[in-house]
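**Q** Next up is a structure, given as C-alpha cells.
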Amino acid sequence: MNNREIPIILVCKEKQKTYQVQVDIDSLVEDLITELHQLLQPGNQQEIVLYYNGVVLNQKKHFKDYKIVKGSTIEIIIKTHGGRLFY
C-alpha cells in the first residue's frame, strides 16, 4: 500500500454485504464504480451510485475531493431505471 491508498468500507444494504477495500485518494470515483460493476453485476436497467455522508459522489471527481479518509464508510446504492406501469 502506498501513502495515497487508504482502506475504506463499502456497505451495500440491498445485497446485505460489507466490503473493505483500498482506494487511491487520487483516483476517480468512476474507477471504483467500474470495479463494483464486475463484483455486483447489476442488471442493464440499474446503475451503481455511491454516497458519502449523505452526498452522492460524482463519478468524475476524485476521492480526495470529498475528503475521504482512512476507515470512511461509503454506501452503495443500486438504482433501477426505466420500467413500465401496468394498469
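Quick note: the coordinates plus some simple rules give every number you see, no bench work behind them. Since we're looking at a predicted model, the values are computed, not measured.
**Q** At q = 0.10, 0.25 Å⁻¹, what base-10 log of I(q)/I(0) does the Debye formula yield for the chain when every alpha carbon is treated as an equal point scatterer in vacuo?
**A** These q points yield log10 I(q)/I(0) values of -0.26, -1.39.
**Q** Can you tally the lysine pairs in the chain where the Cα-Cα distance is under 23 Å and the two residues are eight or more apart, or on different chains?
**A** 9
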